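Reading through the structure tokens given below for one structure.
Derivation of every value follows stated rules applied to the coordinates shown; laboratory data play no part. Predicted model only: the values in this text are computed from it and were never measured. Neighbour counts run over all protein chains shown; Cβ positions are idealised from the backbone, glycine included.
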Amino acid sequence: MRNKSIDPPNRGTKTRPQGSKESLKGKCFVVSGVLDSMNRKECEEYILKHGGAMAKSITVKVTHVLNDHGEIGPVKLKQAQAKGIPVVSEDVLFQLVELGSKLCT
């Protein structure tokens with residue numbers, strides 16, 4: 001079964017911090033695997049709402065790979081490691097929104 005078809009195990013149970021429209025400015029994310037409380041569409045909307053960008057593959061613009069559960073594709077993982085791109089959880093995404101909001105005010 002592909003990761004995209006797996007529901008987030010804690011969907012709807014976490015509070016998502018709301019930050020400024022520029023909280024994630026300059027950040028670009030790739031979702032690989034399954035997040036903890038959001039599906040991919042919800043995650044994309046959340047990132048875009050806070051000024052971040054999304055990509056489907058690892059490029060020079062990508063700053064973070066998001067994953068909580070499931071496997072990261074071996075090619076994506078190897079590319080991220082080669083470029084020094086961190087693999088982080090959605091909790092880190094939430095922290096970035098909170099921190100970015102404080103820096104924007």
* To do: Tell me, yes or no, whether segment 54-66 has at least one residue that is within 19 Å of PRO8 (Cα to Cα), of a type in the set (Val, Ile, Thr) and free of Cβ contacts under 8 Å to residues at least 60 places away in the same chain.
  => yes
* Asked: Would a scan of segment 63-71 turn up a residue that is at positive phi and not charged (D, E, K, R)?
  -> yes
* Answer residue from segment 1-32, given it is of a type in the set (Ser, Thr, Tyr) and out of contact with any Gly (no Cβ under 8 Å at 6 or more places or on another chain) and is surrounded by the most Cβ atoms within 10 Å (Cβ to Cβ) among those -> THR13
